[in-house]
Amino acid sequence: RMQSTVSEHAAGPYAADSCSSCHMPLAPGPRRHRRHGFAAARDLPTLRAALTLTAARTSPSRVTVTLAPGQVGHAVPTGDLFRRLVVSAEAVGDDWTVVSEASRALHRHFAFRPATEGHVVRELVGDDRVGVGPSRPVELDFGEAARGLAVAWRVEYQRVEHPLGADESDVVVADSVVVAEGVIPSMEGQP
């Protein structure tokens, strides 16, 4: 089973609501009908409403970005196998030069295993998307280079054209959109 949106929705907080009640909102005007644009990942306000985000400096060399479900009835991202959220941050100098960077991708993780008659199948081996379990804290460590520097962070939604390699850590990105971003100032008085 490669797509799990229906079962995620059935187990989610909006299980009693139809998919169309969120993704096909009522159109304005005197005629009562639903819009057919199917608002989802390509609709930035819908995507942003699906997540609640906070970012905090947890040490001179670390930032934690915590992602939790917002107004969403399934995991984020859902649907296509090759969608993911990338949480990234950069420790930046006075002139905004990147001194150190760190990132982590949140998605379903697959492995290949042999099947019958020489076929190979893709098998789900992990899932760290938002909405699968409690809130998802992502800790990014910059090392000693980040001491005394501000950190610019962002969360990107990516549609992956094609994964590269067996562990799917390298990818060709088809398109992406920044869901949230911010800057955390340097920690004053840090050793």
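The values are calculated or read from the model by the stated rules, or taken from the named source; none is laboratory data. These figures come from a predicted structure and were not determined experimentally. Here the Cβ is made from the backbone with ideal geometry for all residues, glycine too, and neighbour counts use every protein chain on show. Note: accessible area is taken over every heavy atom of the protein model, side chains too, but ligands, DNA and RNA are not part of it. Shrake-Rupley method; radii C 1.70, N 1.55, O 1.52, S 1.80 Å.
Just a few scattered comments:
- Condition broken by residue 161, with the remaining ones in (1) under 20 Å from the mean Cα position of the chain (by Cα); (2) at pLDDT 90 or above; (3) exposed (fewer than 15 other Cβ atoms within 10 Å of the Cβ) satisfied: (2)
- Among residues of the stretch 28-51, those that are of a type outside the set (Lys, Arg) and more than 29 Å from residue 176 (Cβ to Cβ), counted: 4
- Residue 63 being among the aliphatic types (A, V, I, L, M), open to solvent by less than 50 Å² (accessible area, probe 1.4 Å) and not in a strand (DSSP E or B): no
- Any hit, the stretch 104-112, residues being open to solvent by less than 50 Å² (accessible area, probe 1.4 Å) and free of Cβ contacts under 8 Å to residues at least 12 places away in the same chain: no
- Scanning the stretch 14-32 for residues that are open to solvent by 70 Å² or more (accessible area, probe 1.4 Å), part of a loop (DSSP other than H, G, I, E, B) and in contact with a strand residue (DSSP E or B) (Cβ under 8 Å, 6 or more places away or on another chain) yields a single hit, 32.
- Assessment of the stretch 42-50 against the conditions (over 30 Å from residue 186 (Cα atoms) and touching a helix residue (DSSP H, G or I) at 6+ places or on another chain (Cβ under 6 Å)) yields no matching residue.
- Subset of the stretch 111-158 (residues that are in a strand (DSSP E or B) and either at pLDDT below 85 or among the polar types (S, T, N, Q) (or both)): 111, 112, 122, 158
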